[in-house]
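The values are calculated or read from the model by the stated rules, or taken from the named source; none is laboratory data. In this text the structure is predicted, and so the values were computed from the model without any measurement. Cβ sites come from the backbone with ideal geometry, for glycine too, and all protein chains shown count toward neighbours. The accessibility values were calculated without ligands, DNA or RNA, using every heavy atom of the protein model including side chains. Shrake-Rupley method; radii C 1.70, N 1.55, O 1.52, S 1.80 Å.
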Amino acid sequence: MDRRSENELFLEYLERMVQITHESNDYDREAYVQLIHEICETYHLAKGVVGFYLNAEREQKDDGDFFCDFDNGRGEKEVIRIRIEARSKAIILGMIYMAEEDELESPEAKEHLEMLLRVILGFVSRRRLQQKLEEFAFSDEMGFRNFRSFARYLITANKNNALGGKVAILFDLHNFTMVNQEIGRPNGDAVLRRFYNMVMDVIGDGGTLSRLGGDKFIGIFDRKDKRQIFEILSGVPVVYDERGMKRIRVSASAGVFMIPNPYMMKSVGDIMDRIMVPSQVAKRQTEGAIVIFDEKMKSEKDRVKRVQKDFWFGLEQEEFKVFYQPKVNVETGEISGAEALCRWYKNGKIIPPMEFIPILEMNTDICDLDFYMLDHVCGDIRRWLDQGQKVVRISVNLSRKHLVDVDLLDHIMTIIDKHHVPHEYIEVELTETTTDVLFRDLKRVVSGLQELGVRTAVDDFGMGYSSLNLIRDIPWDVIKIDKSFVPKSDEAENKTALLMFKHVSSLAQDLGMECVVEGVETVEQLGILRNNHCCIAQGYFFDKPLPVEEFEARMNRQYYPIPEDEMQPEEQEQSE
Ligand code: C2E
Ligand code: MG
Ligand code: MG
């Protein structure tokens, strides 16, 4: 190559390079690679490498990206190295290698080559930086696409009229906190990634999948992939160790919105609303539940919002009333106590607790209702005492939501003492809990109340997964056997139920606890109780929960008639 031609060639390369790299968003990659190859041939180069580190710290750790657009395999000798620190703190490197026996022809040639390399590096840094920024903006710390990426997908698809007919989904992995505890965080992360990839492999180009944080994912996909994706969500084995030997079963509960066709979204919230509602329903159901949105669910969500909004007004206006359901000694018929149950009088109608208590338990509103109830119960007891009426012990329900409140005992006692109610007139009903942490709090609260002379009852025993530790480790005064545990009759098909009932009630008695049986509705059930020496019953057989005036009348009467001729079931069988 003679001097002139090198100079001319250099100017030509420079011009072409500037042209190609000027519009960095949409550059002509083929032209770019072609040019690099020509330059390498002209200067007898063996290899050119360009590198990019996000910052000096990453450079130190050698955590960067490297590209090589030309390499003839003979690049043993580095002849040029350029390191540029950009204003953004990014580090850009350019290296040119030649074969051992080759040399650059002149100092000018080296200078020209350096100049070309700088143009290339400027271009690369711009492009990489843009890509990195994009990665940062649209992915999370673990490299998953984030919510912004999902929202961008929705908005673009909506603009292109491409949302109709697709499926939107929001899912949570089942019990993932426990998975992390069992197999360790790094393995847990690997499981997340593999599960994500499994779903993403099916979604392909037809949609997107983003992580909302933790083990929660949100996505959109083609209707044809629905069956395959639901299959994965309902449970698949996922490898979690390096060598691929250990697998864990992962499933997810999901809320799904089948987007109608055609469909125009007004805002991202339209889609979010329609997948969040069914996903909450799914979470309350069994493992791996997939719940599909329908418009009725939206009205359920509105109902929840309305109850939460109306609650405070109702509390202020004293719309909540205490109903009392008597507890009766099955041997003597004497009223031994009563449970205070809440009723909401709203616009002339009575709303039963199951329609609002679960909603109030979504946050801590329930705690305010419980204190309100305790306050009103104590007010009633005080009045009965002052009027010289017969008074029985009243139990109030406390939601488990109170358990984390370290000042709970103080709050309870302040209310009771404000009304100067002797502590033995109050009983507190608490339901079982399943986690260790709550179990510890439960134990603290029950022991504390006991020391202050307030009785405690474990409510709904037998429902859910009651454990024997619950009655071994916590000093309850009363065990309330749930209505689902009470045999309907003592016929053969109820044999297991009858046996369990027998043993649970005798266990309670042996441990010195009072045993109250809920939901006693029939004379047969009363017979079963008497046969098993369970002495207290609460149920429709005697009375439903009553408004205060009616309850006062019962309390003053003191006794319920117990059917005289009610036969012991064994005797009945024998006499037939
Ligand atoms: P719970 O504490 O287990 O109360 C017993 C429930 O069983 C009451 O339902 C009662 O009416 C019902 N019941 C009583 N006898 C019978 C019977 O013979 N047959 C049938 N089928 N049911 C019977 P209610 O009043 O609808 O209350 C439902 C639940 O709502 C209560 O269950 C309790 O968990 C909760 N609750 C009610 N009031 C309050 C409150 O003030 N605070 C809190 N935290 N929870 C409350
Ligand atoms: Mg109760
Ligand atoms: Mg109960």
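Tabulated data for the structure shown
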{"read-out": "Per-q log10 I(q)/I(0), region 177-328, q = 0.12, 0.13 Å⁻¹ (Debye; single scatterer per alpha-carbon; no solvent)", "value": "-0.66, -0.74"}
{"read-out": "Convex hull volume per residue in cubic angstrom - Cα atoms of region 266-311", "value": "84 Å³"}
{"read-out": "Pairwise Cα inverse-distance average, inverted: Kirkwood Rh of the chain (Å)", "value": "30.6 Å"}
{"read-out": "20 °C / 1.002 mPa s Stokes-Einstein diffusion coefficient of region 471-540, Kirkwood radius on C-alpha pairs, µm²/s", "value": "177 µm²/s"}
{"read-out": "Dimensionless Rg ratio for region 115-166, taking C-alpha atoms and the 2.2 N^0.38 Å reference", "value": "1.65"}
{"read-out": "Long-range amide H partners of SER336 with built H, under 5 Å", "value": "LYS327, VAL328, ASN329"}
{"read-out": "Normalised contact order of the chain, rounded percent, pairs of Cα under 8 Å and 6 or more residues apart", "value": "8 percent"}
{"read-out": "Estimated FRET transfer efficiency when R0 is 22 angstrom, pair SER88-ALA31 (beta carbons, to 0.05)", "value": "0.25"}
{"read-out": "Evaluated over region 60-193, the Cα radius of gyration and Dmax, each in Å", "value": "23.2, 68"}
{"read-out": "Karplus-derived 3J(HN,Hα), 6.51/-1.76/1.60, for each residue of region 389-395, Hz, glycine and proline x", "value": "7, 5, 10, 10, 5, 10, 9"}
{"read-out": "Tail weight of P(r) past 15 Å, computed on alpha-carbon pairs of region 306-357, percent", "value": "54 percent"}
{"read-out": "Sulfur and carbon atoms: percent of accessible area, region 154-285 [1.4 Å]", "value": "48 percent"}
{"read-out": "Separation in nanometres of the label points that stand 7 Å from Cα toward Cβ, at ARG306 and ASP189", "value": "4.7 nm"}
{"read-out": "Rounded accessible area per residue of the chain, 1.4 Å, Å²", "value": "52 Å²"}
{"read-out": "Packing rank of 247-253, 313-319, where each peptide gets the mean count of other beta carbons within 10 Å, highest leading", "value": "247-253, 313-319"}
{"read-out": "Amide N proximity, region 25-66 versus LEU129 label position 7 Å along Cα-to-Cβ, cut-off under 17 Å", "value": "25-26, 51-59, 65"}
{"read-out": "Cα long-axis angle, helix 295-316 against the chain (0 to 90 degrees, to the nearest 10)", "value": "60 degrees"}
{"read-out": "Interchain or long-range residues, amide H under 5 Å from GLU432's placed H", "value": "ASP459"}
{"read-out": "Surface/4 of the Cα convex hull for region 323-406, nm²", "value": "7.6 nm²"}
{"read-out": "Table column - 3J(HN,Hα) (Hz), region 375-384, Karplus curve with 6.51, -1.76, 1.60, x for Gly and Pro", "value": "4, 5, 4, 4, x, 5, 4, 4, 5, 4"}
{"read-out": "At 0.890 mPa s and 25 °C, Stokes diffusion of region 31-90 via Kirkwood alpha-carbon radius, µm² per second", "value": "188 µm²/s"}
{"read-out": "Folded to 0 to 90 degrees: helix 408-418 orientation relative to the chain principal axis, Cα", "value": "40 degrees"}
{"read-out": "Sulfur and carbon atoms: percent of accessible area, region 494-551 [1.4 Å]", "value": "56 percent"}
{"read-out": "Sparsely packed trypsin sites (Lys or Arg not before Pro) within region 1-103, loop by DSSP, other Cβ within 10 Å at most 13", "value": "LYS61, ARG87, LYS89"}
{"read-out": "Neighbour cut-off at most 16 other Cβ (10 Å), DSSP loop, GluC sites (Glu not before Pro), region 507-539", "value": "GLU521"}
{"read-out": "Calculated [θ] (222 nm, deg cm²/dmol) that DSSP helices of n ≥ 4 give over the chain, each run adding -39,500 (n - 2.57)", "value": "-14500 deg cm²/dmol"}
{"read-out": "Cross-link pairs beyond the 31 Å C-alpha cut-off, checked among LYS327/LYS418; LYS283/LYS327; LYS346/LYS418; LYS401/LYS480; LYS283/LYS544", "value": "LYS283/LYS327; LYS283/LYS544"}
{"read-out": "Rounded to 5, percent antiparallel among DSSP beta bridges of the chain", "value": "70 percent"}
{"read-out": "Area accessible to solvent at THR496, 1.4 Å probe radius, in Å²", "value": "100 Å²"}
{"read-out": "Percent RCO, i.e. relative contact order, over region 160-239, from Cα pairs under 8 Å lying at least 6 residues apart", "value": "40 percent"}
{"read-out": "Mean separation of Cα contacts under 8 Å (6+ apart) over length of region 81-225, as relative contact order %", "value": "21 percent"}
